[in-house]
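Just below is one structure, and these are the notes that go with it.
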Amino acid sequence: MGLGHAIVTAHGPHRPNEMRSNGPIFPQNQPVGFVKLGLSKLGQFPMYGAKAYKSVDLNTAVISASPHALITMLMDEAIKRMRLAKIHMEERHYADKGKCIGKAIQIVQDGLMAALNMEAGGEIALRLKGLYEYITQQLVLASARNDEALLQLCIDLLVEIRAGWVEIAQEG
């Protein structure tokens, strides 16, 4: 990692040699995010400045969010990636479509499914796991077949799950 990089932790951006303990939220001193801070050819204007601020804003939102809000954020991002994949599919930008579907699958598997508490969640957690597995399988098929209708089905399912999730937060 060069001098033009910083790691964003729960305590803000730091150079790698300035890492601090992140406390109980981020065990083992894991970084929250990574921001490229390189300079332009003129050496005066930071490159990726807007992206760096956006990344810091997102990291701040993640750090301050409740577990319920974090799941909502994951769902929002997965839905966004699927909608982008559909646009790429329509425009025949297959490489970008594949990246978006891959990211959506990663969010569903490594985020949403991994967050399920199968012991405490009981039957609801079991059903959500089944839905997440189904969505993952259908995303793979939609990508392989360039099937917009199947991709839309996945979007619709996750939008419906999200609506139920948000309703739970409003009731509780």
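Scanning segment 94-108 for residues that are touching a helix residue (DSSP H, G or I) at 6+ places or on another chain (Cβ under 7 Å) and more than 17 Å from Asp147 (Cβ to Cβ) turns up Lys103, Ile107, Val108.
If you take the residues of segment 59-90 that are in contact with a helix residue (DSSP H, G or I) (Cβ under 6 Å, 6 or more places away or on another chain) and among the aliphatic types (A, V, I, L, M), which of them is nearest to Arg162 (Cα to Cα)? Residue satisfying both the conditions and the ranking: Met75.
Bear in mind that the values in this text are calculations on the coordinates, not laboratory data. Keep in mind it's a predicted model, so treat the numbers as computed, not measured. Cβ atoms come from the backbone with ideal geometry, glycine included; neighbour counts cover every protein chain shown.
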